[in-house]
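The structure appears below as structure tokens.
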Amino acid sequence: MRARDENLPNVVVPYGYRSMPVLQLAASAEGVCNLVWMVRRSDPECVAMDRMLRRLGEVVEVDGLGPTQSADALAPFAPGGIVAFRDDDLMFVAEIARRLRLPFHRPEVARRLVDKCKQRRALAAGGLAVPRCLEIPARRDRWFTSTLLGDATFPAVLKPRRGSGSRHTFLIESPAELIETLEWLSREPDALEDMVLEEYLKSAPDAASAPFADYVSVETMLDADGVHHMAVTGRLRQAESFRETGFFIPSNLDETLVPAVLETATSALGALGVEFGCVHTEIKLTPDGPRVLEVNGRLGGGVAEMLTAAAGIDPVRLHLRQAIGERVAPEAPFECERIGYRLFHQPPLSARRILTIDGLQEIGDLGGVESVGLHLSAGDPVDGREGTRSFVFSVVGASNGYDEVLETNQKIYELARVEYAQAEEAPQESRAPELVGR
């Protein structure tokens with residue numbers, strides 16, 4: 001185990017499936033704090049990483065424990081802070097933080113950040129224009145479905161009431177398509193969950209020019225001094241089922257639009273009651289101005305890698321320092337010398353299993369590419385309906401211009417040789433996925 005520095009405070013970090021990589025967190029914590037991992041042995045990821053976690057910090061198991069018992073188990077380590085990097089952890093960590101009197105989202109704020117219906121209501125009450133949103137419970141009968149069809153307008157977006165990464169998120173064009181999709185979800189063992197049907201927001205005429213997306217995200221830190229925006233993240237157009245294909249910092253947003261986007265993000269955070277920590281606000285550019293798609297109560301995925309590549313800033317390190325009481329938030333978005341990007345190789349929506357993967361070495365040798373991270377391997381199942389996390393591999397790097405980002409993305413699909421089996425086990429060659437709007 002890495003020697004514990006008695007001169008440094010302890011910070012609690014929940015760890016599990018889809019957590020931020022252990023070594024990345026440990027590197028960011030070096031010289032800032034000791035890590036206390038909060039884990040559940042019922043999570044196979046925690047079991048697989050047990051030795052590594054114990055080498056890099058203390059481990060506290062909380063299987064079967066509620067917030068009060070978990071706080072009691074953590075108390076002997078006298079935590080000086082607590083952070084969370086997954087939406088699934090927010091409510092549990094908020095309750096623990098309240099009991100340990102550590103700065104974090106208040107429990108009622110955490111609920112708004114993870115529940116899309118509560119979030120929409122809070123935004124509307126705060127004076128923001130929000131898309132119309134209908135609640136669809138997991139347990140529903142024909143009467144409910146017929147009533148829903150009477151209230152719904154199309155096109156619309158169907159997605160889980162709680163969740164992230166575009167998992168089980170679908171563009172619905174008609175009542176028949178809605179019924180078909182809901183029936184499919186009811187048959188899937190892991191898909192029986194509360195859903196929402198939201199109005200599909202139209203894009204501003206000049207905001208949807210391929211291959212760039214018609215929405216951005218604002219990366220923000222909040223503390224006692226107020227709201228501090230770190231960056232605006234741009235995006236490439238999405239693949240089918242709203243899967244992300246790439247992010248980049250800084251965004252290519254017209255400078256005249258940036259103030260309105262930042263103001264919208266600030267207003268959303270105020271309406272939700274967010275007062276502390278790192279948040280990620282997705283905003284779509286519509287004919288009526290910027291509109292909030294959703295607010296996530298944690299650092300955005302890939303933001304750490306992109307800000308490091310673009311500006312030499314590690315926001316994870318800043319977040320850990322903030323958790324222990326340091327004032328580290330910027331007065332204005334960070335100045336970026338280059339464009340940091342994270343690109344995803346998404347499979348076709350019809351793919352069900354990966355047969356072969358080749359060409360990653362050639363991609364790693366491209367100019368500007370810093371790393372290629374394999375997410376799935378040959379033989380692994382894959383299903384684009386699971387959202388962005390169905391990507392095969394990701395590419396992190398930096399460039400001097402947006403055209404270079406696009407060229408790199410094109411070369412990734414040219415060089416990658418990935419073969420898939422479809423549902424009926426018919427092989428299919430790798431190809432760039434069909435791009436859609438948000």
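The distance linking segment 247-305 with segment 1-69 is 29 Å (Cα centroid to Cα centroid, whole angstrom).
The P(r) of segment 1-107 has a tail past 23 Å containing 19 percent of all C-alpha pairs. In the chain, taking the dipole from charged Cβ atoms about the Cα centre, the farthest positive-side position among Val405, Ala78, Cys117 is held by Ala78.
Apply the a/c threshold of 1.5 to the C-alpha gyration tensor of segment 359-401 and tell me whether it is rounded, prolate or oblate. Oblate shape, in that a/c is at least 1.5 and b/c is the bigger or equal ratio. About its Cα centre, the dipole of segment 132-199 is roughly 180 debye, where the only charges are +1 on Lys and Arg Cβ and -1 on Asp and Glu Cβ.
The label-point distance for Ala27 and Arg140, in a model that sets each label 7 Å from Cα toward Cβ, rounds to 4.4 nm.
Checking every one of the GluC sites (Glu not before Pro) in segment 131-238 against DSSP loop status and a limit of 12 other Cβ atoms within 10 Å picks out Glu173.
Within segment 312-391, the percentage of alpha carbon pairs spaced more than 14 angstrom apart rounds to 74%. Size descriptors for segment 342-436: radius of gyration and Dmax over Cα atoms are 13.1, 44 Å. For Lys118, which lysines qualify as cross-link partners when the Cα separation must be under 26 Å and same-chain residues fewer than eight apart are set aside? Of all the lysines, those that pass the test against Lys118 - Cα under 26 Å, at least 8 places apart if same chain - are Lys159, Lys202, Lys284.
Show me, bin by bin at 5 Å from 0, the whole-percent P(r) of segment 1-50 based on Cα pairs. Calculated P(r), rounded to whole percents: 4, 20, 30, 23, 14, 7, 1. For segment 10-104, the residue among Asn34, Pro67, Ala48 whose Cα projects farthest onto the positive side of the dipole built from Cβ charges is Asn34. Within segment 289-325, whose backbone N sits under 19 Å from a point 7 Å along Cα→Cβ of Glu370? In segment 289-325, the label zone of Glu370 (backbone N under 19 Å from the point 7 Å along Cα→Cβ) covers 299-321. For the chain, the residue among Gln422, His280, Thr245 whose Cα projects farthest onto the positive side of the dipole built from Cβ charges is His280.
With +1 on each Lys and Arg Cβ and -1 on each Asp and Glu Cβ, how big is the dipole of the chain about its Cα centre, in debye rounded to the nearest 20?
Values: 48 positive and 65 negative charges, 249 e Å.
About 1200 debye.
The magnitude of the dipole of segment 1-68, with charges of +1 and -1 set on the Cβ of Lys/Arg and Asp/Glu and taken from the Cα centre, is near 140 debye.
Across the chain, Cα-Cα distances exceeding 29 Å account for 48% of all pairs.
Each peptide in 62-70, 296-304, 280-288, 5-13 gets a packing score, the mean of other Cβ atoms within 10 Å over its residues, and the list from highest to lowest is 296-304, 280-288, 5-13, 62-70. Stretched out straight at 0.36 nm per residue, the stretch from Ala129 to Leu355 would grow longer than its current Cα-Cα span by 76.8 nm.
Note on Arg106 and Ser186: their simple-model spin labels are 4.0 nm apart, each label 7 Å out from Cα toward Cβ. The fraction of Cα-Cα pairs per 5 angstrom bin, counted from 0 for segment 132-199, comes to 4, 18, 33, 30, 13, 3, 0 percent, rounded to whole percents.
Can you classify segment 19-73 as rounded, prolate or oblate using the Cα gyration tensor, where a ≥ b ≥ c are the square roots of its eigenvalues, rounded means a/c under 1.5, and otherwise it's prolate if a/b beats b/c and oblate if not?
Taking the square roots of the gyration eigenvalues as a ≥ b ≥ c, segment 19-73 is oblate.
Read-outs throughout are calculated quantities, based only on the coordinates presented, and are distinct from any laboratory measurement. Just so we're clear, the structure is a prediction, and the values are computed from it rather than from any experiment. Neighbour counts run over all protein chains shown; Cβ positions are idealised from the backbone, glycine included.
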